[in-house]
Amino acid sequence: MPQLFAEICRLVAEGQYLIGDQAWGRLLERGIMEWQIVAGMTDAQLITERRLARPNPVVEMRVPLPNGDDCKVVWSLLRRERVAKLVTAHLLGDEDFSEEG
């Protein structure tokens with residue numbers, strides 16, 4: 001299992017995460033609740049890791065939601081703070097799924 005992906009999953013499971021303003025907006029727009037993302041993290045599948053991304057390393061993953069939907073989530077690792085940050089979330093099938101943000 002890739003190290004960054006595993007670290008972000010661990011941090012989320014331990015409650016060591018925050019949700020950025022943009023991510024809150026996306027969750028509200030798409031009717032996704034925070035607990036759904038957190039619950040689905042145990043079955044998350046890695047899409048890609050960008051360990052050298054700036055300003056923080058980034059992981060994209062596919063997360064199954066409890067209602068049966070799947071979404072793509074983007075997490076970054078805030079190394080200094082030792083927390084994961086939810087950057088954005090897209091339901092699979094959203095017409096703007098391929099857009100960032």
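Can you give me the solvent accessible area of Arg51 with a 1.4 Å probe, rounded to the nearest 10 Å²?
Approximately 150 Å² for this residue.
Using 1/(1 + (r/R0)^6) with R0 = 22 angstrom and r between the beta carbons of Ile47 and Arg80, what's the FRET efficiency to the nearest 0.05?
In this case the efficiency is close to 0.30.
Treating the angle as unsigned and between 0 and 90°, give the value, to the nearest 10°, between the Cα long axis of helix 3-13 and the longest Cα principal axis of the chain.
Relative to the chain, helix 3-13 is tipped by roughly 70 degrees.
Please give the peptides 10-18, 83-91 ranked by average Cβ packing (other Cβ atoms within 10 Å per residue), highest first, as a rough proxy for protection.
83-91, 10-18
Quick check: with the 1.4 Å probe, what order do Ile47, Ile8 take by accessible area, largest first?
The ordering from most to least exposed comes out as Ile47, Ile8.
What accessible area per residue comes out for segment 20-101, rounded to a whole number of Å², with a 1.4 Å probe?
58 Å²
When only the heavy atoms of the protein chains count and the probe is 1.4 Å, how do Glu81, Glu7 rank by accessible area, highest first?
Glu81, Glu7
Would you calculate a helix-derived [θ] at 222 nm for the chain, using -39,500 (n - 2.57) for each DSSP H run of n ≥ 4 and dividing by the full residue count, to the nearest 500?
Estimated from H runs of four or more residues: -8000 deg cm²/dmol.
At 1.4 Å probe size, with the rest of the protein present, what percent of the exposed accessible area of the chain is carbon and sulfur atoms?
The value for the chain is 49 percent carbon and sulfur by accessible area.
Report Trp35's accessible area, 1.4 Å probe, all protein chains in place, as a number in Å² to the nearest 10.
Accessible surface of Trp35 is approximately 140 Å².
The values are calculated or read from the model by the stated rules, or taken from the named source; none is laboratory data. Remember, predicted model here, so these are calculated numbers, not experimental data. Neighbour counts are summed over all protein chains in view; Cβ atoms, including those assigned to glycine, are modelled from backbone coordinates with ideal geometry. Surface accessibility is based on the protein's heavy atoms, side chains included, excluding ligands, DNA and RNA. Shrake-Rupley method; radii C 1.70, N 1.55, O 1.52, S 1.80 Å.
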